[in-house]
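Asks: Once you've had a glance at the structure underneath, I'll fire off some questions.
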């Protein structure tokens with residue numbers, strides 16, 4: 001990766017971790033990279049949460065019914 005703006009932009013868009021880019025650009029932390037290049041990786045926060053969510057103990061529960069509104073303001077249960 002080049003240490004220029006184009007190299008940093010491309011690295012963010014290809015999914016390189018911001019901490020790696022910050023180190024290559026010789027920044028002390030990721031704040032500048034997040035400020036200037038974060039918009040190029042809109043899924044960065046969502047991906048980070050998904051990557052670490054299992055560590056918090058969240059699991060998909062198959063016993064939960066999906067509810068949808070029928071337009072009356074009341075939730076209508078969707079039957080299988």
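Asks: Distance in nm between label sites at residue 40 and residue 68, each 7 Å beyond Cα in the beta-carbon direction?
Replies: It is 4.0 nm.
Asks: In nm, to one decimal, how far is the residue 16 label point from the residue 31 one, both placed 7 Å along Cα→Cβ?
Replies: Those two pseudo-labels are separated by 2.3 nm.
Asks: Estimate the FRET efficiency between residue 60 and residue 6 by the formula 1/(1 + (r/R0)^6), using the beta-carbon distance for r and 30 Å for R0, to the nearest 0.05. Show your work: numbers first, answer last.
Replies: Details: r = 40 Å, r/R0 = 1.34.
With R0 = 30 Å, the Cβ-Cβ based efficiency is 0.15.
Asks: I would also like to ask the following. Treat the count of other C-beta atoms within 10 Å as a stand-in for reagent exposure and order 6, 25 from fewest to most.
Replies: Numbers: 6 9, 25 19.
Sorted ascending by nearby Cβ count, the order is 6, 25.
Bear in mind these aren't lab numbers, they're just calculated from the coordinates by the rules spelled out. Fair warning: this is a prediction, and the values are worked out from it, not measured in the lab. Every residue, glycine among them, receives a Cβ derived from its backbone with ideal geometry; neighbour counts consider all protein chains shown.
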